[in-house]
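Please treat every number below as a calculation from the coordinates, not as lab data. These figures come from a predicted structure and were not determined experimentally. As a convention, Cβ positions derive from the backbone with ideal geometry for all residues, glycine included, and neighbour counts pool all protein chains shown.
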Amino acid sequence: MEEILRVEGLCKTFTLSKKQQKIERTKSKQKVAVDNLTFTANRGEIFGLLGPNGAGKTTTLRMLATLIKPDKGDAWVDGCSIVAQPEKVRAKIGFLTSELKLEDFFTPNYLFDFFSNLHQVDPSVMAERKKSMFERFGIDKFAEVKVKDLSTGMKQKVSLVISLVHNPDIIIFDEPTNGLDVLTARTVTDYLQELRAEGKTIILSTHIFSLVEKLCDRVGIIINGKLTHCDTLQAICDGLSLEDRFFEIYKENEDLTI
Amino acid sequence: MKINNTLTIIKKEFTRFFSDRSMVFTTVIMPGLLIYIIYSLMGDNMSESNFTVEATEPTTVYVENLPPSILPLFDSIPMNIVTHDIVSEDIMKQLGDKENNIAYMIFPENFDSLVANYVPASETLAPNIKIFYNSVNDGSSMTYHMLDGALNAYEDSYCNRFDVNRYDDADSPSFDQSDESEVISNVLSQLIPMLLLMLLFSGCMAVGPASIAGEKERGTIATLLVTPMKRSQLALGKIISLSVFATLSGLSSFIGIILSLPKMFHADELNMDTNLYSASEYILLLLVLLSTVLVLISVISNLSAIAKDVKQASTINIPVSLMMIVVGMMPMIMGGATENPTLYLIPFYNSVMAMTAVMAHEATVLTLVLTICSNLVYAGLGAWILTKLFDSEKVMFGK
Ligand SMILES: Nc1ncnc2c1ncn2[C@@H]1O[C@H](COP(=O)(O)OP(=O)(O)OP(=O)(O)O)[C@@H](O)[C@H]1O
Ligand SMILES: [Mg+2]
């Protein structure tokens, strides 16, 4: 198995504003969101980060996608450091999270070309890829409709397609099925499995057990910023259902959650 | 590769801007149109009031050495002739003020005998009648034309034995005592730079916050930040395209001003030269403007990048607009452009001073070069800071 992602001692602490302190109901100005995270992912697998709300999943993925910088530690995506070579990392990954929005004013067709250009995709490849991706997700009928006039589900699909214009080897996906109806969610999970079959690596985050059971080859369980377990699903579950095993782990690590 | 991404961004910004009709209308077409309409209306009102009030009063004409033979000639001209107690200096001074509906006519002494004895073909100059007047004062101007017409008609019948308002030597005072065109360029040179600066500012505000704080607010800039494009390319692409839009907006206002100037100062009715400025002066003005817009856009872009949303972006740009007003008023406060070259390194102040100098026909190469070059440096600095801001997660993703 070829290692394609290596995360070593990743740390991220946020400084909270007064307003955030109120929301988090804490007096401390610092919030440790990710605490010394270390794991690896292999080529061609779906790796899931599983954790409760506020565990630090999104923060971890945003660091891997180089949107934010770690305070300490580093990660290597296909050999490129997220700290030292962020531009190279960005060229290798496709990152998808609800935080990333598409400009309302443009059409899927325009946006596909625009982002393909920013990724330096060859024009002939681009046209081919656009056609097949748009067909795959049923976007072809809406290719000339402005994003603002698309339904939520269609917007999500367009976002997914746009994040993959450069056919990246590594796909980082925060909460892939959040806010999607069952049909759209199914389209997405099917597609992720398809991508894995093509040899792509997918790093996703979720708090949904069934999604992990359905998709993930290996899982990292993250609680309050710390990785408590990281292994194949079978090794972690040890005969129990993932849900039962998760609550066991959660209890064992209760001291972490204070 | 590098230029490519900047171009891609510029192309996108252009598509966004130009395919949005309401955007083009409000930022490019409306400013010029509004200025043209408002200024033309203002100009119309000004000229009307001038004519109705002053032209009805008969002009007071001071006449030195009035020959009795001429008197019947003036019967049909409505004016009050004053022939006594004439103090030449006093009258000339009064003539300088366009409020005074007066004229000053000087006949040579013994005009009648001079004319009678004059031999037209001879080498000596014909007797000359001087008429001083003020062309900006409608009464004075009108009376002058009537006197001139009457005397010339009389001269024709008299075999060209005298002249009216012949320039004998270059040192003699101009017969038209108004210096209105100078006054106009002075007023313009002090007023228009401020106006232009304000117009440019509003042009920048129309596009800057929406494009930068707006993208941040809507989360579309994050989508750009996860592409392999360099932050500097994004900053450059934004600054260049926003500058173009702001320039178009400023240019529209500028054209509005130029087209309405002749109307504003009712130049057509005064036979005034409407070409106050030469083509090269307009080009210099444009170059200063373009360099200014780059600085202005980079300031507004940086402030918009720091702001959470469009609303906050317009709020934190208010001090900039106040600064523009204060800086714009400097020529009026200082009575013109400064000559100290080092002051032309101060952003915005340099632009206003350079524009003032150009419009007062006083610009020097040194100050213009200093202005434009320092502005380019400031704009570059602005782009560099914007790059840093795009790269800062606190600024881009801080909550
Ligand atoms: N920009 C920020 N400033 C301050 N605190 C932050 C910031 N981003 C995240 N946090 C805090 O860091 C912690 C981890 O957040 P994160 O979004 O990574 O959690 P998550 O695992 O994705 O949770 P969820 O399931 O709710 O998405 C939370 O307590 C959150 O409030
Ligand atoms: Mg999250």
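Across the alpha-carbon set of the protein assembly as shown, the Rg to Rh ratio works out to 1.25, Rh being the Kirkwood radius.
Taken over the stretch B:59-164, the convex hull of the Cα atoms encloses 101 Å³ per residue. With a cut-off of 12 Å on the backbone N, no residue of the stretch A:160-194 is near the modelled label site 7 Å out from B:THR15 along Cα-Cβ. Compared with the dominant Cα axis of chain B, that is its longest principal axis, helix B:231-264 is turned about 20°. Taken as Cα centroids, the stretch B:335-399 and the stretch B:191-233 sit 18 Å apart, rounded to the nearest whole angstrom. Using Cβ point charges alone (K and R +1, D and E -1), the dipole size of the protein assembly as shown about the Cα centre works out to roughly 5140 debye.
Here the scattering of the stretch B:308-394 is modelled by Debye summation over its C-alpha atoms, one equal scatterer each and no solvent; at q = 0.16, 0.17 Å⁻¹ the log10 of I(q)/I(0) is -0.74, -0.80. Our helix-only sum for chain B, with -39,500 (n - 2.57) per DSSP H run of n ≥ 4 divided by its residues, gives a mean residue ellipticity at 222 nm of -21500 deg cm²/dmol. Look at the alpha carbon pairs under 8 Å that are at least 6 residues apart: their mean separation over the length of chain A gives a relative contact order of 27 percent. Annotation: the residues B:THR143, A:THR187, sorted from fewest to most other C-beta atoms within 10 Å of their own C-beta, follow the order A:THR187, B:THR143. With N as its number of residues, the stretch A:3-256 has a Cα radius of gyration that, divided by 2.2 N^0.38 Å, comes to 1.04. Across chain B, the relative contact order, built from alpha-carbon pairs under 8 Å that are at least six residues apart, equals 21 percent.
Largest GNM mean-square fluctuation among B:ALA121, B:ALA150, B:ALA210, using chain B with Cα springs under 10 Å: B:ALA121.
Taking other Cβ atoms within 10 Å as a rough exposure proxy, A:PHE209, B:PHE201, A:PHE173 sort from fewest to most as A:PHE209, A:PHE173, B:PHE201. Relative to the Cα centre, the charge distribution of chain A, modelled as +1 at Lys and Arg Cβ and -1 at Asp and Glu Cβ, gives a dipole magnitude of about 1080 debye.
When chain B is treated as a GNM with alpha-carbon contacts under 10 Å, the residue of B:ASN80, B:ASN165, B:ASN340 showing the greatest mean-square fluctuation is B:ASN340. By the Kirkwood approach, averaging reciprocal distances over each pair of separate Cα atoms, the stretch A:125-182 gets a hydrodynamic radius of 12.3 Å. Summary: within chain B, the longest segment free of GluC sites (Glu not before Pro) located in DSSP loops with at most 14 other C-beta atoms within 10 Å is B:124-338. Rounded to 0.05, the FRET efficiency of the B:ALA279 and A:LYS131 pair, given R0 = 45 Å and the Cβ-Cβ distance, is 0.25.
Across the stretch B:59-164, C-alpha contacts under 8 Å between residues 6 or more apart give a mean separation that, scaled by the residue count, equals a relative contact order of 31 percent.
Which one, A:ILE162, A:ALA197, A:LEU211, is farthest towards the positive end of the dipole of the stretch A:125-258 when Lys and Arg carry +1 and Asp and Glu -1 on their Cβ? It is A:ILE162, whose Cα lies furthest towards the positive end. Here is the P(r) of the stretch A:1-41: all C-alpha pair distances, binned every 5 Å from 0, give 7, 20, 19, 14, 11, 11, 9, 5, 4, 1 in whole percents.
Taking other Cβ atoms within 10 Å as a rough exposure proxy, A:ARG129, B:ARG218 sort from fewest to most as B:ARG218, A:ARG129. To the nearest 10 degrees, how steeply does helix A:182-197 sit against the main Cα axis of chain A, on a 0 to 90 scale? With rounding to tens, the tilt is 90 degrees.
Translational diffusion coefficient of the stretch A:139-258 (Stokes-Einstein, Kirkwood radius from Cα pairs, 4 °C, 1.567 mPa s): 79 µm²/s. I'd like the orientation of helix B:279-306 relative to chain B: the angle between its Cα long axis and the longest Cα principal axis, in ° from 0 to 90, rounded to 10. Approximately 30 degrees, to the nearest ten. With runs of 4+ DSSP H residues as the only contributors, calculate the mean residue ellipticity of chain A at 222 nm using -39,500 (n - 2.57) per run, divided by the residue total and rounded to the nearest 500. Value at 222 nm, helices only: -11000 deg cm²/dmol.
Restriction of the GluC sites (Glu not before Pro) in the stretch A:178-215 to DSSP coil positions whose beta-carbon has at most 11 other beta-carbons within 10 angstrom yields A:GLU198. About the centre of its Cα atoms, the stretch B:59-164 shows a dipole size close to 100 debye [charges on the beta carbon of Lys, Arg (+1) and Asp, Glu (-1) only; nearest 20 debye]. Along each principal axis, taking the top coordinate minus the bottom one, the Cα set of the stretch B:195-255 gives 41, 20, 13 Å in descending order.
Result for chain A in a Gaussian network model with C-alpha springs under 10 Å: among A:ALA65, A:ALA127, A:ALA55, the largest mean-square fluctuation is at A:ALA127. Computed over the alpha-carbon atoms, chain B gives an Rg to Rh ratio of 1.19, Rh here being the Kirkwood radius from the mean inverse distance. Taken over the alpha carbons of the stretch A:204-251 as equal point scatterers, the Debye sum produces base-10 log I(q)/I(0) values at 0.13, 0.32 Å⁻¹ of -0.24, -1.62.
As a ratio to 2.2 N^0.38 Å, the alpha-carbon radius of gyration computed for the stretch A:100-207 takes the value 1.02. Once the Cβ-Cβ distance of B:ASN152 and B:ASP85 is raised to the sixth power relative to R0 = 30 Å, the FRET efficiency obtained is 0.55.
Of all DSSP beta bridges confined to the protein assembly as shown, the antiparallel ones make up roughly 45%.
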